[in-house]
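Report on one structure; see the data block that follows.
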Amino acid sequence: MPRTREQMLAELKAGPKVQAIVVGGGINGISTFRELALQGVRVLLVDRGDFCGACSSAPSRMIHGGLRYLENGEVALVRESLRERDALLRNAPHLVRPLPTTVPIHHIFSGLLNGALGVLRLRNEPAERGALAVKVGLSLYDLLSGRRRSMPAHVFRGREATLALWPDLPQAVRYSATYHDAWISHPERLGIELVRDGLGAGPDALAINHLGVTGRRGRHLLLADAPGGETFEVETDLIVNATGAWVDETNATLAPAGTSPPSYVGGTRGSHLILDHPALVAALNGHMIYFENVDGRVCILFPYLGKVLLGSTDIRVDRPGEVRCEDHEVDYILKSLSYVFPRITVRPEQIVYRYSGVRPLPRSDAGFTGRISRDHLVAELPGDPPVLSLVGGKWTTFRAFGEQAADRALELIGMTRRIGTVERRIGGGDGYPPDEAGQAAFIGGLVREAGVSLDRAKHAAGHYGADAGAVLAFCRGMDDAPIAGSCYTAAELRYLIRHEFARTLSDLLQRRTSLAITGKLCAAAIEQAAAILADELGWSPEAAVAEDARFRARLDRDHGLTDDILSDRNPTAGSPACV
Ligand SMILES: Cc1cc2nc3c(=O)[nH]c(=O)nc-3n(C[C@H](O)[C@H](O)[C@H](O)COP(=O)(O)OP(=O)(O)OC[C@H]3O[C@@H](n4cnc5c(N)ncnc54)[C@H](O)[C@@H]3O)c2cc1C
């Protein structure tokens, strides 16, 4: 059983000296933390919010090589991303799965010259990709997947075969091409599993969410405990700044008085919609559709846990702050949908969730945001202690980025690597069968041994992988009734609070569970979750009411979920699908 947040906080206060502090518990900070913990470093990971609570909970949920980056000439990035994609399919098969991806094509020749100019880095604007450009790109993509290719090679189809499979595409479509990438069902859960793996491997390692860095005094960082409001200091030999879009802000906070560190990051906001739209799910025929909007930006939509995930926008932001999916972005995304599926309409109530995040991209002057590199680098500010800043990156490449940062960190603190992570299974991926037949047998075993329904067993396997049996065993003998409108039970929420560091309603309902993103969150579920959190964490009635109000305000402001919508959702109206 991992140590709780409160135990780790007490441990830290009792011995406030570490070898490295990783500031920022997004996926890249978590990855660096895991790498260092595995090598036996006394490392502390902190996030002022929740783990994976910012950009890392807002991706398109693709684990991909980045076909589009070939146009930027970023062959090395695509090769690395494909290698990491394949590693994730092996190491986290409970959360990362193959995704057949189809590109509808309307022209033969367009995009070729642009593609070539892009490779030569002579072009900045997007252009529609024709059949030949897509063919060249996918052939290179297959080639870069390497000899150990884990996915089928791409296929091309003519108009008739395309419309037979996707009759709702525009009749003007002339070809389509299908290749394979992957998708991640619960990215925030993978983040927590990596944290737990790091803590399990490194008894000296500490990971504490809701603990922010607010200042520095020489080798000491000032930490502020968000729930308690208490501040204290920790001494460190090294700082890793993994604060994503806030990297520059954090460096300014950490910089000695009178100095101004360089600016590394220029963020762009990206937003997504989740649609409850059975006709659109059917129209997708199990594929992601990867297409160009009228402005040449690549958009995506794919079946996601019974709904459709649709996005995204790419808008420069000067300050990361709190971002939300604005109404004009909803219009943009829905317009893009009408371009690819002109006969499908979306009613406002079919948008069951919207979300937004800021991509922490390397600072760039590119006129078209899609041309800004998604590559990653570790920048170094010398000093005592030195500061390593993690700049850029994607979800897909978190392991490679964390490895790169950790290798430099180890050099700086005079230690050597003893454990690699390319083949290391993650959390419930350790022991979870990679193939469908094996997974079906695993789920059958859960039904027999834990005495649960098939739906519940599928739900548990899809969330916790090989750890599903342990979670169900925890729930046995407690109040294990489902939370309103879902397959999650009261006991399961208690498990997530005790074992996965959930401290707020948002931690519990937006990241440890997929209740919010799948459009199942309702007023009754929030009330039940608040009561469980209050009981587990010893909140006063006033604190519980305040947390409830804070959470609902956030749902309204950032995710389009008003109190009326939440109250109108009637969990007894339909059978609760377990996802
Ligand atoms: C719209 C969109 C779509 C994307 N789609 C994909 C995709 O499909 N596939 C893919 O591979 N990648 C995708 N990405 C990219 C990927 O999500 C990001 O690269 C990645 O999540 C960045 O992680 P991070 O850890 O660097 O930053 P973050 O996740 O933002 O983490 C930074 C953390 O630092 C914390 N922090 C800030 N200041 C402090 C402080 N003073 N003290 C303590 N903590 C602090 C914040 O609370 C935050 O949790 C997408 C990104 C966006 C926005």
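Can you name the condition, by its number, that L222 falls short on among (1) surrounded by fewer than 19 Cβ atoms within 10 Å (Cβ to Cβ); (2) at positive phi?
In the conditions (1) surrounded by fewer than 19 Cβ atoms within 10 Å (Cβ to Cβ); (2) at positive phi, L222 misses (2) alone.
Those residues that are free of Cβ contacts under 8 Å to residues at least 12 places away in the same chain and touching a Ser or Thr at 6+ places or on another chain (Cβ under 7 Å), I need them from segment 253-305; list them, please.
Those that are free of Cβ contacts under 8 Å to residues at least 12 places away in the same chain and touching a Ser or Thr at 6+ places or on another chain (Cβ under 7 Å): none in segment 253-305.
Filter segment 229-270 down to residues that are outside any strand (DSSP E or B), hydrophobic (A, V, I, L, M, F, W, C) and over 22 Å from the mean Cα position of the chain (by Cα), then give me how many there are. If you could, list the steps in order and put the result at the bottom.
If we filter segment 229-270 for residues that are outside any strand (DSSP E or B), which is where we start, we get 229-230, 237-238, 242-264.
Checking the rest, the ones that are also hydrophobic (A, V, I, L, M, F, W, C) come to 238, 242, 245-247, 252, 254-255, 257.
Filter once more, keeping what is over 22 Å from the mean Cα position of the chain (by Cα): 238, 252, 254-255, 257.
Number of matching residues: 5.
Look at L190 and say whether it is at pLDDT 95 or above, within 16 Å of the ligand (Cβ to nearest atom) and not in a strand (DSSP E or B). Walk me through it before giving the result.
Details: at pLDDT 95 or above: yes; within 16 Å of the ligand (Cβ to nearest atom): yes; not in a strand (DSSP E or B): yes.
Here the answer is yes, as L190 does meet what is asked.
Of the residues in segment 368-383, how many are acidic (D, E) and within 12 Å of the ligand (Cβ to nearest atom)?
Let us first name the residues in segment 368-383 that are acidic (D, E), namely 375, 380.
With the extra rule that they be within 12 Å of the ligand (Cβ to nearest atom), the set shrinks to 375.
Looking only at that region, the number is 1.
Does segment 219-228 contain at least one residue that is closer than 29 Å to S540 by Cα, over 21 Å from the mean Cα position of the chain (by Cα) and near the ligand (Cβ under 9 Å from one of its atoms)?
First, the residues of segment 219-228 that are closer than 29 Å to S540 by Cα: 222-228.
Now drop any that are not over 21 Å from the mean Cα position of the chain (by Cα), which leaves 222-228.
Among the residues that remain, those that are also near the ligand (Cβ under 9 Å from one of its atoms) are: 223-224.
Yes, because at least one residue in segment 219-228 is closer than 29 Å to S540 by Cα, over 21 Å from the mean Cα position of the chain (by Cα) and near the ligand (Cβ under 9 Å from one of its atoms).
Write out, first by first residue and then by second, each pair whose Cβ atoms fall under 6 Å of each other, whose residues are 6+ apart or on separate chains, and whose first residue, in segment 223-236, is more than 14 Å from A10 (Cα to Cα) while the second is part of a loop (DSSP other than H, G, I, E, B).
A226/H210; P227/H210; E235/R219; T236/P385
Listed here are the residues, each with its yes/no results for (1) within 20 Å of the chain's Cα centre (by Cα); (2) among the polar types (S, T, N, Q).
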residue	(1), (2)
T4	no, yes
I21	no, no
R48	yes, no
M62	yes, no
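Would you pick out the residues in segment 522-557 that are under 23 Å from P348 (Cβ atoms), surrounded by fewer than 17 Cβ atoms within 10 Å (Cβ to Cβ) and not hydrophobic (A, V, I, L, M, F, W, C)?
Passing the criteria: D556, R557.
Test S453 against the stated conditions and say whether it is among the hydroxyl-bearing types (S, T, Y) and within 15 Å of the ligand (Cβ to nearest atom).
Numbers: among the hydroxyl-bearing types (S, T, Y): yes; within 15 Å of the ligand (Cβ to nearest atom): no.
Considered against the rule, which asks whether it is among the hydroxyl-bearing types (S, T, Y) and within 15 Å of the ligand (Cβ to nearest atom), S453 comes out as no.
Could you please find all residues in segment 67-88 being under 22 Å from the mean Cα position of the chain (by Cα) and over 16 Å from F401 (Cα atoms)? So that I can check it myself, show each step before the final result.
At the first step, the residues of segment 67-88 found to be under 22 Å from the mean Cα position of the chain (by Cα) are 67-69, 77-88.
If the condition is that a residue be under 22 Å from the mean Cα position of the chain (by Cα) and over 16 Å from F401 (Cα atoms), then L67, R68, Y69 are the ones that fit.
Quick check on my filter: what residues within segment 469-502 are outside any helix (DSSP H, G or I), over 22 Å from the mean Cα position of the chain (by Cα) and free of Cβ contacts under 8 Å to residues at least 60 places away in the same chain?
Those that are outside any helix (DSSP H, G or I), over 22 Å from the mean Cα position of the chain (by Cα) and free of Cβ contacts under 8 Å to residues at least 60 places away in the same chain: R476, G477, M478, D479, D480, A481, I483, T489.
How many residues, within segment 33-53, are within 9 Å of the ligand (Cβ to nearest atom) and either without any contact (Cβ under 8 Å) to a residue 24 or more places away in the chain or buried (at least 24 other Cβ atoms within 10 Å of the Cβ) (or both)?
The first filter runs over segment 33-53 and keeps only residues within 9 Å of the ligand (Cβ to nearest atom), leaving 46-53.
Adding the requirement that they be either without any contact (Cβ under 8 Å) to a residue 24 or more places away in the chain or buried (at least 24 other Cβ atoms within 10 Å of the Cβ) (or both) leaves 46-47, 50-52.
Number of matching residues: 5.
So is T489 among the β-branched types (V, I, T), over 20 Å from F51 (Cβ atoms) and modelled with pLDDT of 95 or more or not?
Details: among the β-branched types (V, I, T): yes; over 20 Å from F51 (Cβ atoms): yes; modelled with pLDDT of 95 or more: yes.
Answer is yes for this residue.
Out of (1) surrounded by fewer than 17 Cβ atoms within 10 Å (Cβ to Cβ); (2) within 16 Å of the ligand (Cβ to nearest atom), what's the single condition that is false for A257?
(2)
Do we find that F341 is of a type in the set (A, V, I, L, M, F, W, C), within 12 Å of the ligand (Cβ to nearest atom) and crowded, with 19+ Cβ neighbours inside 10 Å in this structure?
On the way: of a type in the set (A, V, I, L, M, F, W, C): yes; within 12 Å of the ligand (Cβ to nearest atom): no; crowded, with 19+ Cβ neighbours inside 10 Å: yes.
No: the conditions fail for F341.
Quick one: E380 ticks every box in (1) in contact with a strand residue (DSSP E or B) (Cβ under 6 Å, 6 or more places away or on another chain); (2) crowded, with 16+ Cβ neighbours inside 10 Å except a single one, so which number is it?
For E380, the failing item is (2).
Given (1) of a type in the set (V, I, T); (2) under 27 Å from W246 (Cβ atoms); (3) surrounded by fewer than 21 Cβ atoms within 10 Å (Cβ to Cβ), where does V294 come up short, assuming only one miss?
V294 satisfies every listed condition except (2).
Before we move on, is G244 within 13 Å of the ligand (Cβ to nearest atom) and in contact with a Lys or Arg (Cβ under 6 Å, 6 or more places away or on another chain)?
Details: within 13 Å of the ligand (Cβ to nearest atom): yes; in contact with a Lys or Arg (Cβ under 6 Å, 6 or more places away or on another chain): no.
Judged against the criteria, G244 is not a match.
Inspect segment 254-265 for any residue being modelled with pLDDT of 95 or more, on the phi > 0 side of the Ramachandran plot and not aliphatic (A, V, I, L, M) and give the result as yes or no.
no
Take S271 and tell me if it is near the ligand (Cβ under 9 Å from one of its atoms), touching an Asp or Glu at 6+ places or on another chain (Cβ under 6 Å) and of a type in the set (G, A, S). Please lay out each step first, then the result.
Working: near the ligand (Cβ under 9 Å from one of its atoms): yes; touching an Asp or Glu at 6+ places or on another chain (Cβ under 6 Å): yes; of a type in the set (G, A, S): yes.
Criteria met by S271.
Need a quick list: strands (runs of 3 or more DSSP E) entirely within segment 311-428 having at least 1 residues that are over 17 Å from the mean Cα position of the chain (by Cα) and modelled with pLDDT under 95. Let's see the steps before the verdict.
Values: elements: 351-362, 376-381, 387-392.
So the answer is 351-362, 376-381.
Looking at P386, is it in contact with a strand residue (DSSP E or B) (Cβ under 7 Å, 6 or more places away or on another chain) and away from the ligand (no atom under 15 Å from the Cβ)? Walk me through how you get there before you give the answer.
Details: in contact with a strand residue (DSSP E or B) (Cβ under 7 Å, 6 or more places away or on another chain): yes; away from the ligand (no atom under 15 Å from the Cβ): yes.
Against the criterion (in contact with a strand residue (DSSP E or B) (Cβ under 7 Å, 6 or more places away or on another chain) and away from the ligand (no atom under 15 Å from the Cβ)), P386 qualifies.
Do we have any residue at all in segment 197-211 that's within 15 Å of the ligand (Cβ to nearest atom) and more than 18 Å from R498 (Cβ to Cβ)? Explain how you work it out, then say what you get.
At the first step, the residues of segment 197-211 found to be within 15 Å of the ligand (Cβ to nearest atom) are 198, 206-211.
From what's left, more than 18 Å from R498 (Cβ to Cβ): 198, 211.
Taking every residue of segment 197-211 in turn, at least one turns out to be within 15 Å of the ligand (Cβ to nearest atom) and more than 18 Å from R498 (Cβ to Cβ).
Quick one: would you say G444 is under 30 Å from F474 (Cα atoms) and touching a residue at least 60 places away in the same chain (Cβ under 8 Å)? Even if it seems obvious, please write down each step before you answer.
Values: under 30 Å from F474 (Cα atoms): yes; touching a residue at least 60 places away in the same chain (Cβ under 8 Å): no.
Judged against the criteria, G444 is not a match.
The values are calculated or read from the model by the stated rules, or taken from the named source; none is laboratory data. Note that the coordinates shown come from a computational prediction; the quantities given were computed from them, not determined experimentally. Heads up, the Cβs are rebuilt from the backbone with ideal geometry, glycines too, and the neighbour counts pull from every protein chain shown.
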